[in-house]
Amino acid sequence: MSPTNTAAYTPLLGTLSVIPWTIDPSESNREVPYLLAYSLGDGREGPETGTRTMQAVLSEIGLRPGAEVVDLSQIPNVGIKLLVQAGRAVLTMPYLNAQCPVPPEWEQDARAFGKVYFMVATRPWADGTPGKPVTEERLRAFVGDSDMLMTAAHCLVPVRSLTG
């Protein structure tokens, strides 16, 4: 199980959360860790407005939902930053500042690869309630849904730390 974490509440987007996970291959075959940002769809004007607002936010920072994976290390001055330090991931982007605990293997993989695969879902995930455990099956069902994948923004975010 993985914990979800409340990131912020904005009137149009609603509750924004982030959740980290890794693929669990053999020790010798590690992969880039994942981080997902999503809304619960509980904004004051409903989930449809939240979806349109998230699409506008992504457009504002230069990400297109459904497009190919963008390596943000190749784009100067992009509005997404990720600090990984002491078992925590701290994500900063327009309208969203979140931090969440990450497992040791997630932090190790983030440091080893120097980046994290970051998805921003435009489709709300009401089942990903902050503070409640998320089973592997529920997470897999959401992130493996073709509609969610095609409407999400996908990018590789460089990992930063306080020590360099």
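The values are calculated or read from the model by the stated rules, or taken from the named source; none is laboratory data. For clarity, every value in this text was computed on a predicted model and none was experimentally measured. Backbone-built Cβ (ideal geometry, glycine too); neighbour counts: all protein chains shown. Surface areas here come from the heavy atoms of the whole protein model, side chains and all, with no ligands, DNA or RNA. Shrake-Rupley method; radii C 1.70, N 1.55, O 1.52, S 1.80 Å.
Of note:
- Contact order for the chain, expressed relative to its length and based on alpha carbon pairs under 8 Å spaced 6+ residues apart, stands at 32 percent.
- Highest mobility in the GNM of the chain, judged by mean-square fluctuation with C-alpha springs under 10 Å and restricted to Pro133, Pro104, Pro76, is found for Pro76.
- Rounded if a/c under 1.5, otherwise prolate or oblate - the range 121-163, Cα gyration tensor axes: oblate
- In the range 28-143, the DSSP beta bridges split such that about 75 percent are antiparallel, to the nearest 5.
- Placing a pseudo-label 7 Å from each Cα along the Cα-to-Cβ vector at Arg140 and Ile23 gives an inter-label distance of 1.4 nm.
- Alpha-carbon spread of the chain, three principal axes, descending order, Å: 46, 37, 28
- For the range 53-107, the square roots a ≥ b ≥ c of the C-alpha gyration tensor eigenvalues yield an a/c of 1.5 or more together with a/b exceeding b/c, which makes the shape prolate.
- Think of each Lys and Arg Cβ as +1 and each Asp and Glu Cβ as -1; about the Cα centre, that makes the dipole of the chain roughly 460 debye.
- Candidates Val78, Val18, Val120, ranked by Gaussian network fluctuation over the chain, Cα under 10 Å, top entry: Val78
- Share of carbon and sulfur in the accessible area of the range 23-164 stands at 52%, probe radius 1.4 Å.
- With all protein chains kept in place, the per residue accessible area of the range 82-162 amounts to 47 square angstrom at a probe of 1.4 angstrom.
- Segment Thr129-Thr163, extension gain: residue separation times 0.36 nm, minus the distance between their alpha carbons: 8.9 nm
- Charge dipole of the range 113-164 about the Cα centre (unit charges at C-beta), most positive-ward option of Ala141, Phe118, Val157: Val157
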